[in-house]
Amino acid sequence: IAFDDESHDFALLMHDLPHHVQGNQLLVPTRSEAELAMDAAASIHAGWWGDPMLDTHDWLNGTKAVPPQIDGEALYTAFWPAFCDRYGDRVTDSMKKVGEAYYGNIQRWSDSRDGPRCLTHNDFRPDNMLYCPDDADKPIIIVDWQTVGVGSGAGDIAYYLGTAMDPAT
C-alpha cells in the first residue's frame, strides 16, 4: 500500500484468492470456521502482544499517537434511549439498570481496562473472513482492516463470539 498525504492518491495491491469463500454473518459458522477464526485472532494478537511500539504508529486507532475520534459518552447518551425504544420489552428492567449505570461512566470504564494491549482488527466477524480449509498455508484470510487499532485482543474474540455464534451450540 502506498499513500500520498498531499494528493490522497494511493495504490493498493490485491491478491486473487479464487478458492477462498467469504464467511456469512447471517449464518452460524461451522466449528472448523470458528476454530480457524480463533487461531487467526491468536496469531494477530500474539504478534503484537504488549509491544510498546504500537503507540508510535499514528495510523492505528487507540494509540497514544492518535487522540480518540469518538466521544463515547456522547455516542452512548444518544443511542441508548433509541436502543431501548427499538427493542422495547426485550430490554428488561435489569438490563436497563445496567445500561443506565454507564451514563457518565464510559471514560472511567474505558480507563479501567488495563493489561497487555495488542493489534486489534475491530470488526472481527465472518463477513471479513475468507475460508479455504484445503489451503494448508492460508486456510483463512482476514480482510477489511479499515478499523485496525490497538486494544484488548479479547474485544475481537468477544465480537466474533457475540455476533456470529449461536449460544445454543
task: Report the FRET efficiency, 1/(1 + (r/R0)^6), for Val143 and Arg113, where r is their Cβ-Cβ distance and R0 is 22 Å, rounded to 0.05.
output: 0.25
Length-normalised contact order for the chain - Cα pairs under 8 Å, 6+ apart - percent: 32 percent
query: How many angstrom lie between the C-alpha centres of the range 69-116 and the range 121-156?
result: 27 Å
- prompt: From the square roots a ≥ b ≥ c of the eigenvalues of the alpha-carbon gyration tensor of the range 69-114, which class results: rounded (a/c under 1.5), prolate (a/b over b/c), or oblate?
  reply: oblate
message: Can you compute 3J(HN,Hα) from phi for each residue in the range 102-110, using the Karplus curve 6.51 cos²θ - 1.76 cosθ + 1.60 with θ = phi - 60°, rounded to whole Hz and x for Gly and Pro?
response: 6, 3, x, 10, 4, 5, 4, 4, 4
statement: Scaled by the rule-of-thumb 2.2 N^0.38 Å, the alpha carbon Rg for the chain gives a ratio of 1.21
statement: In Å³ per residue, the alpha-carbon convex hull of the range 66-147 encloses 180 Å³
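Every read-out reported here was derived from the displayed coordinates using simple, explicitly stated rules and does not represent laboratory data. What you are looking at is a predicted structure, and each value in this text was computed from that prediction instead of being measured. Cβ: placed from backbone, ideal geometry, glycine included. Neighbour counts: every protein chain shown.
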